[in-house]
């Protein structure tokens, strides 16, 4: 299953500048997702991180991984979340950053479902640039209805 930006916008509540997934290249329900983030110099965080050497903040790489994982979960459950559903971080373990992500990079994000228990979804996620590991982490998320 492939998703373009229009399908992503239907499934995630995030919008610019917080939407950090541009395309889903592969999706195997209940197993894994491979998503893409094109990193451009126009990203607003580059003006301050860092003006002399722009680097994508690690916390935003983690957020891109979490958004990819949320897309995997929604597709696996075969639901499109409404305006009343939000996915929250429940935890981040073993986060490691191996290389900087810079303007012009294509960040490839892979997330796989590790387990789902008591409403907590646990994923193993990796982000690479040109086949080189940029970051990895174990993510825990939960979905909640608003209101």
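We did not get these values from a lab; they are worked out from the coordinates using the rules stated. Treat the numbers as computed from the prediction; the structure is a model and nothing was measured. Backbone-built Cβ (ideal geometry, glycine too); neighbour counts: all protein chains shown.
Relative to the dominant Cα principal axis of the chain, helix 58-77 is inclined by about 30°. Each of the peptides 76-86, 28-38 was scored by the mean count of other Cβ atoms within 10 Å over its residues; in descending order, highest first, they stand as 28-38, 76-86.
Any idea how far the Cα center of the range 109-128 sits from the one of the range 18-46, in Å? When both Cα centres are located, 15 Å separates them.
Could you calculate the contour length gain from residue 40 to residue 25, that is, 0.36 nm times the residue separation minus the distance between their Cα atoms, to one decimal place in nm?
3.5 nm
Entry note, the chain: the mean residue ellipticity at 222 nm calculated from DSSP H runs of n ≥ 4, each adding -39500 (n - 2.57), is -6000 deg cm²/dmol after division by the residues and rounding to the nearest 500. Of the listed values [x] 1.00; [y] 1.17; [z] 1.11, grab the one calculated as Cα Rg over 2.2 N^0.38 Å from the structure here. Only one listed value fits the structure, namely [x]. Estimated from the Cβ-Cβ distance and a Förster radius of 22 angstrom, the FRET efficiency linking residue 18 and residue 77 is about 0.45.
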